[in-house]
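In what follows, a single structure is set out as structure tokens and then discussed.
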Amino acid sequence: MIYTVTFNPAIDYVLHLTAPLAVGEINRTSDEACQFGGKGINVSGVLRELGCESIALGFTAGETGAWLERGLQLSGLKTRFIRLPDGMTRINVKVKGAKETEINGSGPNITPEAMQALWDNLEELGEGDILVLAGSIPSSMPQDVYQQILARLDGRGIRFVVDATRDLLVKVLPYHPFLIKPNNHELGEIFGKELNRDEEITQAARKLQQRGARNVLVSMAGDGTPKGKVVNSVGAGDSMVAGFIAGYLQSGSYSYALRLGTACGSATAFSLGLAERRDIDALLKTIE
């Protein structure tokens with residue numbers, strides 16, 4: 001089974017403006033939508049499109065959390081969220097104008113009791129399972145929690161997938177994760193320099209392999225997509241992760257996994273929401 005963990009899920013309130021965002025002025029929308037998200041949840045959503053079952057784990061709180069859970073279940077996702085006693089699942093505002101602007105909420109505090117409940121869920125994982133850890137860590141939690149999870153579950157035959165930044169990512173390398181996914185800018189931050197050329201990016205990724213990662217998948221934003229118009233950056237990297245996992249499970253081929261991951265990430269980048277199967281299949285035919 002594939003399990004995804006989203007420590008800080010969100011409802012994304014997406015606003016499309018009729019004109020460039022004017023700070024300090026009244027702005028009018030041409031369209032608006034609410035999307036249920038968070039990086040692990042996005043991975044689960046695209047896995048569903050690809051015919052791979054997963055269980056989404058994480059924390060929710062308040063009426064917004066109840067709404068998110070209902071929405072995900074209605075969309076066909078299996079979830080096992082832990083309800084927090086206080087606070088509310090965050091709402092992130094995504095403004096689509098001449099440029100994309102984001103205002104992200106902080107989310108609720110995660111209590112020690114809630115974290116113990118998550119540990120209890122993770123204890124069920126074993127040989128052959130895949131665990132996807134994706135996204136930021138709320139300030140109420142220890143910032144080495146990804147490392148703690150891999151250390152605790154190490155040796156059980158679980159394939160770990162980690163999509164995180166800087167220390168969150170680097171600290172899991174000794175546990176030989178199956179896949180890590182920095183983007184090109186995050187990769188440069190790890191090594192303290194800007195990576196501009198493909199050769200530099202490849203060299204940095206290989207260094208992370210030498211430090212323990214089995215596979216390093218580097219997303220490149222618009223530079224990594226096939227020909228098309230990029231209209232959305234939210235969830236593209238998560239979609240790439242889902243495609244890589246599904247592609248490898250279906251074929252056992254890293255080459256095919258990379259192709260499907262690229263198709264999924266691009267399909268999301270070319271859409272207003274997460275990638276849909278028909279768009280993924282169409283793009284996959286164009287990727288060598």
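The values are calculated or read from the model by the stated rules, or taken from the named source; none is laboratory data. It should be emphasised that the depicted structure is a prediction, and the values quoted were computed from it without experimental measurement. Neighbour counts are summed over all protein chains in view; Cβ atoms, including those assigned to glycine, are modelled from backbone coordinates with ideal geometry. Surface accessibility is based on the protein's heavy atoms, side chains included, excluding ligands, DNA and RNA. Shrake-Rupley method; radii C 1.70, N 1.55, O 1.52, S 1.80 Å.
Worth pointing out:
- Cα shape, the range 134-288, gyration tensor, a/c 1.5 rule: prolate
- For the chain, built as a Gaussian network whose Cα springs stay under 10 Å, the top-fluctuating residue of ASP86, ASP163, ASP238: ASP86
- Amide H within-cut-off set for LEU195, under 5 Å, with H built and near neighbours excluded: GLY188
- Backbone phi angles across the range 179-187, fed through the Karplus curve with coefficients 6.51, -1.76 and 1.60 (θ = phi - 60°), yield HN-Hα couplings of 8, 10, 9, x, 8, 4, 6, 5, 4 Hz in residue order; Gly and Pro are listed as x.
- Neighbours of THR18 by Cβ distance under 10 Å: Lys/Arg scored +1, Asp/Glu scored -1, total 0.
- Accessible-area composition of the chain, carbon plus sulfur, in percent [1.4 Å probe]: 49
- Selection from GLY243, ASN196, VAL218 lying farthest towards where the dipole of the range 189-261 points positive, charges on Cβ: GLY243
- Site pair ALA66 and LEU272 shows an inter-label distance of 2.9 nm when each label is modelled 7 Å from Cα along Cα→Cβ.
- Summary value for the chain: 16 percent relative contact order, contacts being C-alpha pairs under 8 angstrom separated by 6+ residues.
- The range 1-133 - charge dipole about Cα centre, Lys and Arg +1 at Cβ, Asp and Glu -1, debye rounded to 20: 420
- Computed from point charges on the beta carbon alone (+1 for Lys and Arg, -1 for Asp and Glu), the dipole magnitude for the range 90-169 about its Cα centre is near 500 Debye.
- Here's the picture: charge each Lys and Arg Cβ at +1 and each Asp and Glu Cβ at -1 in the chain, and of GLY71, SER255, VAL23 the one pushed furthest to the positive end of that dipole is SER255.
- Span per principal axis, largest first, for the Cα atoms of the range 1-89 (Å): 48, 35, 19
- Remark: the ARG83-GLN143 segment gains 19.5 nm on full extension, using 0.36 nm per residue and subtracting the alpha carbon distance.
- Bridge type composition, the range 1-136 - antiparallel percent by DSSP, nearest 5: 35
- Only aspartates and glutamates eight or more places from LYS94 in sequence, or on another chain, were considered; those with a Cα closer than 13 Å are ASP12, ASP31, GLU32, GLU102.
- Relative to the Cα centre, the charge distribution of the range 168-234, modelled as +1 at Lys and Arg Cβ and -1 at Asp and Glu Cβ, gives a dipole magnitude of about 240 debye.
- Structure note, pairs LYS171/LYS227; LYS39/LYS229; LYS181/LYS207: Cα-Cα distances above 25 angstrom occur for LYS171/LYS227.
- With the largest listed first and rounded to whole Å, the semi-axes of the equivalent ellipsoid of the range 18-138 from the Cα gyration tensor are 31, 18, 13.
- One quarter of the surface of the convex hull around the alpha-carbon atoms of the chain equals 15.3 nm², the direction-averaged projected area.
- Residues within the reach of a label modelled at THR202 (point 7 angstrom out along Cα to beta-carbon, backbone nitrogen below 14 Å), restricted to the range 270-288: there are none.
- Positive dipole terminus of the range 1-157, leading residue within LEU47, GLY126, TYR13 (C-beta point charges): TYR13
- Partners for LYS78 among aspartates and glutamates (Cα-Cα distance below 12 Å; same-chain residues under 8 apart left out): GLU53, GLU69
- Those residues of the range 74-102 whose amide nitrogen sits under 17 Å from the label point placed on GLU25, 7 Å along Cα→Cβ: 96-101
- Per-bin percent of Cα-Cα distances, the range 197-288 [10 Å]: 18, 48, 29, 5
- Over the chain, DSSP H runs of length four or greater, each weighted -39,500 (n - 2.57), average out per residue to a 222 nm ellipticity of -11500 deg cm²/dmol.
- Taken per residue, the accessible surface of the chain reaches 47 Å², heavy atoms only and a 1.4 Å probe.
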